[in-house]
1. Residues that are farther than 19 Å from Q238 by Cα and away from the ligand (no atom under 12 Å from the Cβ): does region 194-204 have at least one?
2. Can you find even one residue in region 164-174 that is surrounded by fewer than 19 Cβ atoms within 10 Å (Cβ to Cβ) and out of contact with any helix residue (DSSP H, G or I) (no Cβ under 7 Å at 6 or more places or on another chain)?
3. In region 174-189, which residue that is within 14 Å of the ligand (Cβ to nearest atom) and not hydrophobic (A, V, I, L, M, F, W, C) is farthest from P281 (Cα to Cα)?
4. Hey, does region 228-237 have a residue that's charged (D, E, K, R), touching a residue at least 40 places away in the same chain (Cβ under 8 Å) and outside the structural domain of D271 (by TED's automatic domain parsing)?
5. Among the numbered conditions (1) within 16 Å of the ligand (Cβ to nearest atom); (2) touching a residue at least 40 places away in the same chain (Cβ under 8 Å); (3) on the phi < 0 side of the Ramachandran plot, tell me where G19 comes up short.
6. Being closer than 27 Å to A154 by Cα and either surrounded by 17 or more Cβ atoms within 10 Å (Cβ to Cβ) or of a type in the set (F, W, Y) (or both) is the filter here, so list the residues in region 17-32 that pass it.
7. For G90, are the conditions met, namely being under 22 Å from A179 (Cβ atoms) and either touching a Leu at 6+ places or on another chain (Cβ under 6 Å) or without any contact (Cβ under 8 Å) to a residue 40 or more places away in the chain (or both)?
Amino acid sequence: MASSEIVPGIHMVRGKFAGEFGFISSYLLVDGEEALVIDPGTAGDPGGDRIGDAMKSLGLDVRKNLVGILCTHGHPDHVGGAGRLKRNSGAPVMIHRDDAELLRDPQMFLNERLLMDRAARFAMKLDKGPLRVNYRGIEPDHLLESGDEISVGAVKVRVVATRGHSAGHCAFYAPETKALFSGDEVNNYPNDPRKFYVDLSGSIVSKRAALDTISKLSIDYLLPSHDVPYLFRDVKLQIEAVKDGVIHLQDTILSHLGAREEADVVQLVFDIRRARSVPVPETMDSLLSTTVLVVLRGLKNAGLVRDLGNGVWTKA
Ligand SMILES: [Zn+2]
């Protein structure tokens, strides 16, 4: 099965299973002779041939009928396949300006977006997970702004910049079908909507604001990249659970910081993992430590913690 149709005109193209990250899905919007891809996935899967195969099974040709490649953000499991799909199709690649640099220079993800030491960075070179950088950079063809509308046939997709998971993260809303392509902002991991990470450019303040914005949209189909689609009444529950996860992690960090009086990120990560009170990413230590640092920065802006220098934090 090359793809499955979720709603008339929206097809899910499933990549291979990637452990904790679940199945990585690309979505294909089709109206008449035109098709639009949302997130081409990792390099080769589903990005390269699987999307082409899915189009073929719908009677479409990747070179003739693909009108655009929309990227929710610049992480390797979402844009790794963009270059190959662009070469195969000639379709323009579109991403928000604040993640465009990741498309141009994929190594930036490891060098600037995650809290990693040299050993962890070296380990990532050997890693076979979905966040590995095993593709060349490309120049984006169009930079997205919140409120932009992208057309595929007579269907319009609206850009909703969310900017929590990464500085350039966008969700895409199709008002006619009431479908939201939520990338990694709503349901970052399968099975537990409360579990999430953000990169160093991301923001907890933006994430919470984005969840409020999204809650106000009329959504019948919530279509994340790493999880199964959620329909109708389940949508609100998922969005609420994502919010809970963010608030719970903030509270957990504040309580561990209070108990230790002063702590650095390594100590807080140790406490969070040991307490097991909040679901956190299991694979790749840097995802949790990066998220903890971004949460601390948000709490600092809210006047709840103080940065004592040298990576040491305390409650305000
Ligand atoms: Zn991501």
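The values are calculated or read from the model by the stated rules, or taken from the named source; none is laboratory data. Nothing here was measured: the structure is a model prediction, and the numbers come from that model. Cβ placement follows ideal geometry from the backbone for every residue including glycine, while neighbour counts extend to all protein chains displayed.
1. Of all residues in region 194-204, those farther than 19 Å from Q238 by Cα come to 199-203.
Checking which are away from the ligand (no atom under 12 Å from the Cβ) leaves us with 200, 203.
Yes, that holds for at least one residue.
2. No, region 164-174 has no match at all.
3. To start, the set of residues in region 174-189 that are within 14 Å of the ligand (Cβ to nearest atom) comprises 181-189.
Filter again for not hydrophobic (A, V, I, L, M, F, W, C), leaving 182-185, 187-189.
Values: S182: 19, G183: 17, D184: 13, E185: 15, N187: 12, N188: 10, Y189: 8 Å.
Among those residues, the one meeting the criterion is S182.
4. First, pick out the residues of region 228-237 that are charged (D, E, K, R): 233-234, 236.
Among the residues that remain, those that are also touching a residue at least 40 places away in the same chain (Cβ under 8 Å) are: none.
Within region 228-237, not a single residue is charged (D, E, K, R), touching a residue at least 40 places away in the same chain (Cβ under 8 Å) and outside the structural domain of D271 (by TED's automatic domain parsing).
5. That leaves (3) as the condition not met.
6. Those that are closer than 27 Å to A154 by Cα and either surrounded by 17 or more Cβ atoms within 10 Å (Cβ to Cβ) or of a type in the set (F, W, Y) (or both): S25, S26, Y27, L28, L29, V30, D31.
7. On the way: under 22 Å from A179 (Cβ atoms): no; either touching a Leu at 6+ places or on another chain (Cβ under 6 Å) or without any contact (Cβ under 8 Å) to a residue 40 or more places away in the chain (or both): yes.
The answer is no for G90.
A quick yes/no check of all residues on (1) out of contact with any strand residue (DSSP E or B) (no Cβ under 8 Å at 6 or more places or on another chain); (2) in contact (Cβ under 8 Å) with a residue 24 or more places away in the chain; (3) in the same structural domain as S218 (by TED's automatic domain parsing); (4) of a type in the set (S, T, Y):
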position	(1), (2), (3), (4)
Q250	yes, yes, no, no
G258	no, yes, no, no
E262	no, yes, no, no
Q267	yes, no, no, no
V280	yes, yes, no, no
M284	yes, yes, no, no
T291	yes, yes, no, yes
V294	yes, yes, no, no
G311	yes, yes, no, no
